[in-house]
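What follows draws every value from the coordinates through simple rules; no lab data is involved. The shown structure was predicted, so the numbers you read here are calculated from the model rather than taken from an experiment. Note: ideal-geometry Cβ built from the backbone for every residue, glycine included; neighbour counts use all protein chains shown.
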Amino acid sequence: MKKYLPVEVENKWQRTWREQGVNKFSLDSSKEKFYNLVELPYPSGDLHIGHWFAFVPPDVMARFKRMQGLNVFFPNGFDAFGLPAENAAIKRGIHPKDWTMSNIETMTKQFQTMGTMIDWDHQAITCLPEYYKWNQWIFNRMFEKGIAYRGKTLSNWCPKDKTVLANEHVESGKCWRCGTEVIQKEVEQWFLKITAYADQLIWKEPPQADWPASVRDGQNNWIGKKTGINITYNIEGSDETVEVFTTRPDTNFGATFIALAPEHPKALAITTKDNKASVKAYLEKSKKKTELERKENKEKTGIFTGSYAINPLTNFKMPIWIADFVLINFGTGALVGVPGHDKTDFEFAQKFGLEIKRVVVGKDGDEGEIKDIKQVQEQEGKIVNSDFLNGLDIHPATKKIMDYMEEKGYGKREVEYHIHDWSISRQRYWGTPVPIIHCPNCGMIPVPDKDLPVELPYEVDFTPTGEPPLASNKEWLKVKCPKCQGEAKRDAETLDTFFDSSWYFLRYLDPHFDNGPFDPELAKILMPLDIYFGGSEHTLGHTLYARFFTKFFKDLKMVEYDEFAKVRVQHGVVLGPDGNRMSKSRGNVINPDDVVKEYGTDTVRLYLSFMMPYDATAPWSPGAISGIYRFLTRIWQLYDKMTKVELSKEDLTVMNQTIKKVTQEINEVKFNTAVAAIMSWLNHLSRKDKVSKNEYKNLILVLAPFAPHITEELWQRLGEKESIHLQSWPKVDEKYLQTEQVSIVIQVNGKVRDTINLSIDILNNQSDILKKALESTKVQKFLQGKEIKKTIYAKGKVLSLVV
RNA sequence: GCUGAUGUGGUGGAACGGUAUACACGUUGGACUUAAAAUCCAAUGGCCUUAGGCCUUGUGGGUUCGAAUCCCACCAUCAGCACCA
C-alpha cells in the first residue's frame, strides 16, 4: 500500500460523512440515550489548541458510546454575548454582532478539521434573538417568583462617568477611562436570589451526582453555610443596641470590644458627641477606598465611637469601634472582638491597646497573658478543634452556649452564607436586554411574554460614555407601559452572560422550539447530561449557576431531575513547549492548524488523548507528536501483513485483553492508557509475520474513536460499505482472557526473590506452589539454615515466605 | 491563612496493598544507505569492575508477610478562595 498521507484521507472522509449524514442525531427509543457535552466555546475568532484538548477527548467518548450501541447526542454552540466583542468593537469600530458572527463562521470551519461527530444541526448561538428571547422569558418567570429582584450593592463608582466599574477597571483607585477617583457607592442592580437555593445547592454525602470531590468541596465552601447567633448588645447609657453575628458564642466570655463596618447604618447614631467629628472623618476616608484597597491593605485602622456595649455574659464594658476590616456584607456588618482567640481581633486589639482576655472552656488550656499571635493560634485550636466538627454543623459546646443565650434572650440563631445573591446587571451593550419596563406610574413591569424578544437594537453608541449604551438609542428606550399605556422607558441594562450559559444545554435539544425555552418532552428523554466536560475555572461560576437554574426549573415543574449533569469531568491545560501557559507575548503558542497541516488531524487527536491524563496540565511536546505519527504509519502499513491465518492462543489472549482494557479505560475517562494499550497491541502484531483480518479489524475498531479518519479509510479498504463509526464495539470473549501459565512472585521476608511460571490448574493449591517455590535455587539461597515461620499466598500473584 | 489537588527515570507519564518505572518521547549502539533523512533491531532508574547483589516513588516515622498506594508529621509545587467574626 502506498504511503500514509493524512490530508488526503481526512478531507475525503470529512466530506463524505457530511454528505452521508453519518453524524446526524436522531432519537432512537430502542437505544439508551447518552448526552455528551462540552462547555460551549466563546467565539474569540480562532480555534486554539485548548479547544482541541477540550473537544477531542470528549469526542472520543461520544464515538465510543455510539459504537457501544447508545443513542449519542453530542451538540455544540457558541456563547456569543460578552465583553470581548464589545471591546473589539470599541477598538476597531466593527459592530459586535458582525465581529461575533464572522468569528463563529471562522471557528465553525476550523471545527470541521477536528473531525468530531458533533451534530451542528442542534447548534444554539446565544446572541441571536431566537435564543435570548428565552433568557428573557426565564427572567420573567424569575421576576414573578421574586428570584430576580432589584437590590443594592456596594460597587466601585466613577462619579464623573456615573458608572459602575469592575475591579480590573480601577487603576490605583482611579477610573481607567477618565482618571477620576473612584468611590464606593450603593448602586441599584438586578440580582438573582441564588441564596434562596443555597441549602439545596450544598452537596450532600453521598453526592447526588458523580462530580469531582474538588468541585463539590469548592462549591460547598463557596456557599459557606454557617450557623451562628445574632447577639443583641445593649449600649451603656443609651436606648440603642448593636447586633452582632458570631458562629462562636462560646468564646464570648473573652469578648472585649465591638467593631462596626464603616458602612454600618448605626455608625453615627452610636457615636458620642465628642467623637462625632473624628468618626465622620474616618467614614469619609474609608468610603474612598475601593474594596480592593481595603483588602490589600492589611494594616488595621479604626476609630473609637465613645460608646460601650455590655457583654451580658460577663458584664464587661466593651468599647465600640468602627473599623474597615469589618465587612458590611457579612453577618450584621458588625463583629464582637475576642482578641484572646482570634488572630484578626488580636491584631486590632493590640494596635489600639484594647484589653485581651482569655477564656478557658472545658478542661483544656491554662490561663495566662497573651503575648503574640502564635500563642493565640495555638489556643484557638484548643477550644474547638476542627476535627471534632467533621460532619457536624456546630460543635456541641458551641451549641450549648447558643441554647443558653437564646433562652436568656441575648440573641437569636441565624444562618449565614458566604455566597451572595448573583448580580446580573451589566451596563453593557452586547448582552440580553433586561425585559423590564420602568413606568413612572406602575413601577417595574415585565415585558409581556407575547412581546418577547426585546430585541437588541443594532444602532447604538456603545463607546463608553458612562450611561449604559442601550440608553443612547432613545427611540428604542421609549416604550408604552403594558399596564397603563403611559409613556415609559425600557431597562437599558443587559444580563450577565452566565445567565445565557446556565441553561443552553436544554436549548440544544431543539434550538428552534417555539413554545418555551426548551422542549419538555425532549428534556424528559435526553436530560440530564450523561457527561459534562469543561474547565476547572467554572467550578464556582458557570456550573454552580447551571445547578441553580436546574433547581429553579424543577420548582416550576419544567424539569424532573435534581442535577443537570450526572458526571462532571474537568480537563487540564496544554502548556507551551517551554512549560509556560501559551501566550502570544511568550511566543510559545502551538497553532493547531499548523500541526494538522504537518501531521494530520488523527495524529493531533491521538496525541492529545495520549500524552497526559485528561485532567492534567502538561507541556506540548513537539517530539512526542512525531511518535504518534509513526504509530499511525505503522497501523497503515500493517495492512499489508494481513492474510488468512490461524490465530494462536496468545494472539487471541492479547486481542481480548486489549479490547477489554481499552473499553474499561475509556469508560473511566482514561484516554491515555487506552491508547497505550492499543500501542502495546500493535507492538505485538508487528512482531508477527502475518496478521489475520479479524485481528486487524478489531484493531482499527478500537482505534476508531481516537483516529476516525485513518480507521475509516482502512475499514473501507477492507471492502466494508458502512462507516466504521456506525459499527459495534468489539466484544470481549472471556474465554481467551485467561492464559495457561501464570507467573507467581516468590517473596522472602517481603523481598522479591524469584518468579515462577505455573499452569493455572494448580493455582488453588498452595502446598504445590510452595513445593515449586522451594525448588528454586534463588529462593533456596535466602532460606538457607532458616525456618519458615509463615506462608502467605495471594492467589495468582504472590507467595510470601517469612523466615 | 483556608480549601482542594499533586509530588515516581533525562521528559510526558503507567501501576485493584502484591514483579515500581507499562506506553511514548529522548539518548546510545547497530542494520540499511556513498551520505543524510526515513525505517527497522537492541540497550536505556542509580550504585557496586562481573556472576550476582544493594539502593530507589519529595522527607521522616507508623501499620503490614508485603506500601508509590493506607495512617501521622513535615517540606515543596499548583489551583481556587481569602480581614467571613
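Some points to look at:
- Under 22 Å from the Cα of A:Lys751 - lysines, other chains or at least 8 residues apart: A:Lys771, A:Lys772, A:Lys778, A:Lys781, A:Lys786, A:Lys789, A:Lys790, A:Lys795, A:Lys797
- Chain A shape via C-alpha gyration tensor axes, a/c threshold 1.5: oblate
- For region A:246-253, 3J(HN,Hα) per residue [Karplus equation, 6.51 cos²θ - 1.76 cosθ + 1.60, θ = phi - 60°, Hz, x = Gly/Pro]: 8, 8, 10, x, 5, 8, 5, 4
- Restricting region A:393-466 to chymotrypsin sites (Phe, Trp or Tyr not before Pro) that sit in a DSSP loop and have at most 15 other Cβ atoms within 10 Å of their own Cβ leaves A:Tyr458.
- Judged by the mean number of other Cβ atoms found within 10 Å, the most tightly packed of the peptides A:721-734, A:545-558, A:104-117 leads the ranking A:545-558, A:104-117, A:721-734.
- Charge dipole (region A:592-663, unit charges on Cβ, about Cα centre) - positive-most of A:Trp636, A:Met612, A:Leu652: A:Leu652
- Most to least packed among A:132-143, A:612-623 [average Cβ atoms within 10 Å]: A:132-143, A:612-623
- Amide H contacts under 5 Å for A:Val187: A:Thr153, A:Leu154, A:Ser155, restricted to partners 5 or more places along the chain or on a different chain, H placed in the peptide plane at 1.01 Å from N.
- Region A:472-486 and region A:75-137: distance between their alpha carbon centers, rounded to Å: 30 Å
- Applying the Karplus relation 6.51 cos²θ - 1.76 cosθ + 1.60 with θ = phi - 60° to region A:114-122 yields 3J(HN,Hα) values of 6, x, 7, 9, 3, 9, 6, 5, 9 Hz, where x marks Gly and Pro.
- Residue (of A:Cys484, A:Val434, A:Phe499) at the positive-pole extreme of region A:413-508, dipole from beta-carbon charges: A:Cys484
- Loop-resident sites, region A:167-264, for GluC sites (Glu not before Pro), counting at most 13 other Cβ within 10 Å (DSSP): A:Glu236
- Fraction of beta bridges assigned by DSSP in chain A that are antiparallel (%, nearest 5): 75 percent
- Distance violations [Cα-Cα > 26 Å] among A:Lys24/A:Lys65; A:Lys91/A:Lys474; A:Lys12/A:Lys524; A:Lys65/A:Lys554; A:Lys225/A:Lys551; A:Lys450/A:Lys478: A:Lys12/A:Lys524; A:Lys65/A:Lys554
- Relative contact order of chain A, defined on C-alpha pairs under 8 angstrom at six or more residues apart (%): 14 percent
- Eligible aspartates and glutamates near A:Lys660 by straight Cα distance, threshold 17 Å, same-chain separation 8 or greater: A:Glu650, A:Asp651, A:Glu668, A:Glu695, A:Asp733, A:Glu734
- Protection proxy ranking of A:489-495, A:90-96 - average other beta-carbon atoms within 10 Å, highest first: A:489-495, A:90-96
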